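Novice: Have a look at this one.
The values are calculated or read from the model by the stated rules, or taken from the named source; none is laboratory data. None of these values were measured; they are calculated from a predicted model. All Cβ positions, even for glycine, are placed from backbone atoms using ideal geometry, and neighbour counts span all protein chains on display.
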Number of protein chains: 2
Amino acid sequence: MNTPDDDWLRLDQQICFSLHAASRAFNSVYRVILKDLGLTYPQYLVMLVLWEHDELPVKKLGEHLRLDSGTLSPLLKRLEAAGLVRRERSARDERSVEVRLTEEGTALRQRALQVPRRIAASTGFGPEEVRTLRAHLDELTTALDAAALTGTPGDSPADGRS
Amino acid sequence: MNTPDDDWLRLDQQICFSLHAASRAFNSVYRVILKDLGLTYPQYLVMLVLWEHDELPVKKLGEHLRLDSGTLSPLLKRLEAAGLVRRERSARDERSVEVRLTEEGTALRQRALQVPRRIAASTGFGPEEVRTLRAHLDELTTALDAAALTGTPGDSPADGRS
DNA sequence: CACAATTAAGTTGCGCGCAATTAAATGACG
DNA sequence: CGTCATTTAATTGCGCGCAACTTAATTGTG
């Protein structure tokens, strides 16, 4: 049995679909837990970064999260409207916008400390399993990023087999 | 060392963030590859299901993909506008809408057969690794789904202290 | 039969995520 | 010095994903 094309389409569904589904399931659990904090899942990720570097330009924030200004600008506006963050043009480089935690934003960290525990409980995974999964995912992301950069793999009309 | 709360927040970022990033990286690679077919990634998932059951109600489609009509209705409209799909009210149950592939939609399958191969090449993962990762992700999704249903985990309402 | 409960799609509103574009500031170079 | 390329945010447009609601058909119950 040499996995005919028909089976490939089925297999494929399971790979990408598993990731898609897991991501949404995670999102769903986070949504419930983060509701108390008044944060969305991506907003929480931004706050995590800010709690570690409590002032940094939008550019750097984007690099940490792999997000661009098209996503971050409106998101940060909402965080600012919520009083968690302040945005101000850098004095030395007027192009840059520095994002800084407010007192309230800093304070929220205390309430966020319980989140990881609750999430971990939801997964039912032990530290070991989490570590393994995370390693695999990071490996996957790295490979995919590389593939995205080096032109589309298998796309090259001239290219033979890779 | 008993992993203080401070470290938990850092760890947490890596778990959820890894999944988030991997999902988007995958999405990004699919976007490029699916561009040729004129499909988005979720539309591709829908087509995958339809290529296996070439006629089924929106409800069933949603069960396969874990999506509700709020997401599927507009998506299916676009697929219909693209000529890949036809939607018609079921005769025996007027509430239900049957989704069926058009000739064009069925034909597209041939062009889609190359997609899994190209994706697989992008990941750099072998069949074995894929299988393992998929198993872990499915396990994760199952656990998260269960947690989402059985009320919020770790939310212990009994413990008054907050 | 009448009438409430249930079920299936659709609609609306909001927040991402990303491509593409715009605007402003900075830097490089002749 | 002026011109042009680069960098940084912001904006626009589109497609998910989901909660909440609406509409219409079906089922269940008296």
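Novice: Taking the stated definitions as given, is A:Leu9 away from DNA strand D (no atom under 11 Å from the Cβ) and at the interface with another protein chain (Cβ under 8 Å from one of its Cβ atoms)? Give the steps one after another, and end with the answer.
Specialist: Working: away from DNA strand D (no atom under 11 Å from the Cβ): yes; at the interface with another protein chain (Cβ under 8 Å from one of its Cβ atoms): yes.
Against the criterion (away from DNA strand D (no atom under 11 Å from the Cβ) and at the interface with another protein chain (Cβ under 8 Å from one of its Cβ atoms)), A:Leu9 qualifies.
Rundown of residues vs (1) at the interface with chain A (Cβ under 7 Å from one of its Cβ atoms); (2) modelled with pLDDT under 90, yes/no style:
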| site | (1), (2) |
| --- | --- |
| B:Pro116 | yes, no |
| B:Thr142 | no, no |
| B:Ala146 | no, yes |
| B:Pro153 | yes, yes |
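Novice: For B:Ala91, only one of the following conditions fails: (1) surrounded by fewer than 18 Cβ atoms within 10 Å (Cβ to Cβ); (2) away from DNA strand D (no atom under 14 Å from the Cβ). What is its number?
Specialist: (2)
Novice: On to the next question. Just checking, does region B:81-89 include any residue being more than 9 Å from DNA strand C (Cβ to nearest atom) and within 30 Å of A:Ala112 (Cα to Cα)? Show your work before the answer.
Specialist: Taking region B:81-89 first, the residues more than 9 Å from DNA strand C (Cβ to nearest atom) are B:81-86, B:88.
Narrowing further to those that are within 30 Å of A:Ala112 (Cα to Cα): none.
For region B:81-89, residues more than 9 Å from DNA strand C (Cβ to nearest atom) and within 30 Å of A:Ala112 (Cα to Cα): absent.
Novice: Any residue in region A:15-43 that is facing chain B (nearest Cβ under 7 Å) sitting within a Cβ distance under 6 Å of a residue that is outside any helix (DSSP H, G or I) and among the hydroxyl-bearing types (Ser, Thr, Tyr)? List the pairs, counting only those 6 or more apart or interchain.
Specialist: From region A:15-43, the pairs are A:Val32/B:Thr152.
Novice: Could I ask something else about it? List pairs: first in region B:118-134 and more than 8 Å from chain A (Cβ to nearest Cβ), second of a type in the set (S, T, N, Q), Cβ under 7 Å, 6+ apart or cross-chain?
Specialist: Close Cβ pairs (under 7 Å, with a partner that is of a type in the set (S, T, N, Q)) do not exist here.
Novice: Right, here's the next one. Does any residue of region A:96-104 turn out to be away from every other protein chain (no Cβ under 14 Å), without any contact (Cβ under 8 Å) to a residue 24 or more places away in the chain and either among the charged types (D, E, K, R) or at positive phi (or both)?
Specialist: For region A:96-104, residues away from every other protein chain (no Cβ under 14 Å), without any contact (Cβ under 8 Å) to a residue 24 or more places away in the chain and either among the charged types (D, E, K, R) or at positive phi (or both): present.
Novice: If you don't mind, another one. So, in region B:32-70, of the ones that are outside any helix (DSSP H, G or I) and either more than 12 Å from DNA strand D (Cβ to nearest atom) or in contact with a Cys (Cβ under 8 Å, 6 or more places away or on another chain) (or both), which residue ends up farthest from B:Leu113 (Cα to Cα)?
Specialist: Taking region B:32-70 and keeping what is outside any helix (DSSP H, G or I), we get B:36-40, B:53-57, B:66-68.
Then drop every residue that is not either more than 12 Å from DNA strand D (Cβ to nearest atom) or in contact with a Cys (Cβ under 8 Å, 6 or more places away or on another chain) (or both), which leaves B:36-37, B:53-57.
On the way: B:Asp36: 12, B:Leu37: 11, B:His53: 17, B:Asp54: 16, B:Glu55: 20, B:Leu56: 22, B:Pro57: 25 Å.
Checking each candidate, the answer is B:Pro57.
Novice: What do you reckon, is B:Glu94 at pLDDT 90 or above and within 16 Å of DNA strand C (Cβ to nearest atom)?
Specialist: yes
Novice: Between residues in region B:59-82 that are away from every other protein chain (no Cβ under 12 Å) and residues that are of a type in the set (A, V, I, L, M) and near DNA strand D (Cβ under 9 Å from one of its atoms), which pairs lie under 7 Å by C-beta distance while being six or more apart or on different chains?
Specialist: Listed by first residue and then by second, the contacts come to B:Leu61/B:Val46; B:Leu61/B:Leu72; B:Gly62/B:Leu72; B:Leu75/B:Val46; B:Leu79/B:Val46.
Novice: If I ask for residues that are surrounded by fewer than 15 Cβ atoms within 10 Å (Cβ to Cβ) and more than 8 Å from DNA strand D (Cβ to nearest atom), which ones from region B:74-85 would you list?
Specialist: B:Lys77, B:Ala81, B:Gly83
Novice: If B:Glu129 meets every condition in (1) assigned by TED's automatic domain parsing to the domain that holds B:Lys35; (2) surrounded by fewer than 15 Cβ atoms within 10 Å (Cβ to Cβ) apart from one, which number is that one?
Specialist: Here B:Glu129 clears every test but (1).
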